[in-house]
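As structure tokens, the structure follows; a few thoughts come after it.
The values are calculated or read from the model by the stated rules, or taken from the named source; none is laboratory data. Quantities reported herein were computed from a predicted structural model and do not represent experimental measurements. Cβ atoms come from the backbone with ideal geometry, glycine included; neighbour counts cover every protein chain shown.
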Amino acid sequence: MQKHTAYSLEEAQKKIEHYCAYQERCHQEVEQKLRQMKMIPQAIELIIGKLIQDNYLNETRFCQSFARGKFRIKKWGKERIVRELKMRHISPYNIKIALKQIPEEDYLTTLAAVAEKFWQSNAHRSLLLRKKKVIDALRYRGWESHLIYEMVTTLENNLNSH
């Protein structure tokens, strides 16, 4: 069976509408998909314009969904979320809106839970290495340095008070 290589404007439009309806997408992802479909730049512009007009493509909605999902599911910190959104060429305005999706109380509670998990899983290590492992794991997930150091200090103090 031969692979479909040429798409009419209508076919491409329908395929991309389905792609956007399945999951929130950013402009960059949609543009990349259309290029993979061998669409010409004018067609890409037309299709993206129609997607925005018909509300299939909404960068603000994408950012909000992305921030909520990465925080809740992957337990990412704000720095990682911002970095990933910037890689997708998201505007600073939309990034700011996205971060408002994360309630401060939930943010700190999640950080404490994630830090505690790493702290416990490294209990067999020396204190210095244990602290390093926790700090590295939290930095990788994009938590802010000052919050990480406060958390590690708290965990260490709890250890010393027992």
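As a summary of the residue check, Lys74 satisfies the conditions (1) surrounded by 16 or more Cβ atoms within 10 Å (Cβ to Cβ); (2) under 17 Å from Gly142 (Cβ atoms) except for the one numbered (1). With respect to the conditions (1) farther than 16 Å from Ala67 by Cα; (2) in contact (Cβ under 8 Å) with a residue 24 or more places away in the chain; (3) loosely packed, with under 13 Cβ neighbours inside 10 Å, Asn160 falls short on a single one, namely (2). Checked against the criterion of being touching a residue at least 24 places away in the same chain (Cβ under 8 Å), more than 22 Å from Leu99 (Cα to Cα) and in contact with a Lys or Arg (Cβ under 7 Å, 6 or more places away or on another chain), the range 145-154 contains one or more residues that satisfy it. Of these, Lys86, Lys96, Lys75, Lys132, which one is basic (Lys, Arg) and on the phi > 0 side of the Ramachandran plot? None of the other options fit; the residue is Lys75.
The single condition from (1) in contact with a Cys (Cβ under 9 Å, 6 or more places away or on another chain); (2) within 30 Å of Val114 (Cβ to Cβ); (3) assigned to a helix (DSSP H, G or I); (4) of a type outside the set (Lys, Arg) that Leu51 fails is (2).
For the range 101-127, the set of residues classified as more than 19 Å from Arg141 (Cβ to Cβ) and in contact (Cβ under 8 Å) with a residue 12 or more places away in the chain consists of Leu127 only.
The criterion of at least 1 residues that are more than 30 Å from Gly49 (Cα to Cα) is met, among helices (runs of 4 or more DSSP H) falling completely within the range 59-162, by 59-72, 78-87, 104-121, 127-140, 145-160.
When the range 6-42 is limited to residues that are part of a loop (DSSP other than H, G, I, E, B) and touching a residue at least 24 places away in the same chain (Cβ under 8 Å), the one that is farthest from Phe66 (Cα to Cα) turns out to be Ala6. The combined condition, being out of contact with any Cys (no Cβ under 7 Å at 6 or more places or on another chain), within 15 Å of Arg88 (Cβ to Cβ), surrounded by fewer than 17 Cβ atoms within 10 Å (Cβ to Cβ) and not assigned by TED's automatic domain parsing to the domain that holds Pro92, is not fulfilled by Gln42.
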